[in-house]
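Below: the structure, in structure tokens.
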């Protein structure tokens, strides 16, 4: 598995719109064959901060995701809602392994 954490800091007045757009993107994203999981997480002590946890089956799947219409719509919609540019950290899965055994 190939895991990407995308960090988003949203302007306070756009939190509801960002949340709705991100949930719609996630609903569509989990339909992609290369995506095993797509979580939208909102920080408890600062509701303007979100982490998108994207779990891909292969390192090539993020590029395929970025070619979809739902990703393009999300990226265009949220750009003006962000307080700062998105950032990301990419991880390799260590446990469990692909069979779930560790």
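Quick check, is residue 33 at pLDDT 95 or above, farther than 29 Å from residue 95 by Cα and exposed (fewer than 14 other Cβ atoms within 10 Å of the Cβ)?
Numbers: at pLDDT 95 or above: yes; farther than 29 Å from residue 95 by Cα: no; exposed (fewer than 14 other Cβ atoms within 10 Å of the Cβ): yes.
No: the conditions fail for residue 33.
So how many residues does the stretch 49-73 have that are under 15 Å from residue 21 (Cβ atoms) and in contact (Cβ under 8 Å) with a residue 24 or more places away in the chain?
Taking the stretch 49-73 and keeping what is under 15 Å from residue 21 (Cβ atoms), we get 50, 52, 68-73.
This time we only want the ones that are in contact (Cβ under 8 Å) with a residue 24 or more places away in the chain, so: 50, 52, 68, 70-71, 73.
Looking only at that region, the number is 6.
Out of the helices (runs of 4 or more DSSP H) lying entirely within the stretch 13-102, which hold 2 or more residues that are within 16 Å of residue 1 (Cα to Cα)? Outline the logic, then answer.
Details: elements: 15-29, 61-65, 69-78.
Once the helices (runs of 4 or more DSSP H) in the stretch 13-102 are filtered for at least 2 residues that are within 16 Å of residue 1 (Cα to Cα), what remains is 61-65.
Regarding residue 22, is this residue surrounded by 14 or more Cβ atoms within 10 Å (Cβ to Cβ), under 11 Å from the mean Cα position of the chain (by Cα) and farther than 18 Å from residue 87 by Cβ? Spell out the reasoning first.
Working: surrounded by 14 or more Cβ atoms within 10 Å (Cβ to Cβ): yes; under 11 Å from the mean Cα position of the chain (by Cα): yes; farther than 18 Å from residue 87 by Cβ: no.
Criteria not met by residue 22.
So that you can scan it fast, the table gives a plain yes or no per residue for (1) in contact with a strand residue (DSSP E or B) (Cβ under 6 Å, 6 or more places away or on another chain); (2) surrounded by 12 or more Cβ atoms within 10 Å (Cβ to Cβ); (3) at pLDDT below 95:
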| position | (1), (2), (3) |
| --- | --- |
| 1 | yes, yes, yes |
| 12 | no, no, no |
| 17 | no, yes, no |
| 26 | yes, yes, no |
| 47 | no, yes, no |
| 63 | no, no, no |
| 75 | no, yes, no |
| 84 | yes, no, no |
| 95 | no, no, yes |
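The values are calculated or read from the model by the stated rules, or taken from the named source; none is laboratory data. Note that the coordinates shown come from a computational prediction; the quantities given were computed from them, not determined experimentally. Note: ideal-geometry Cβ built from the backbone for every residue, glycine included; neighbour counts use all protein chains shown.
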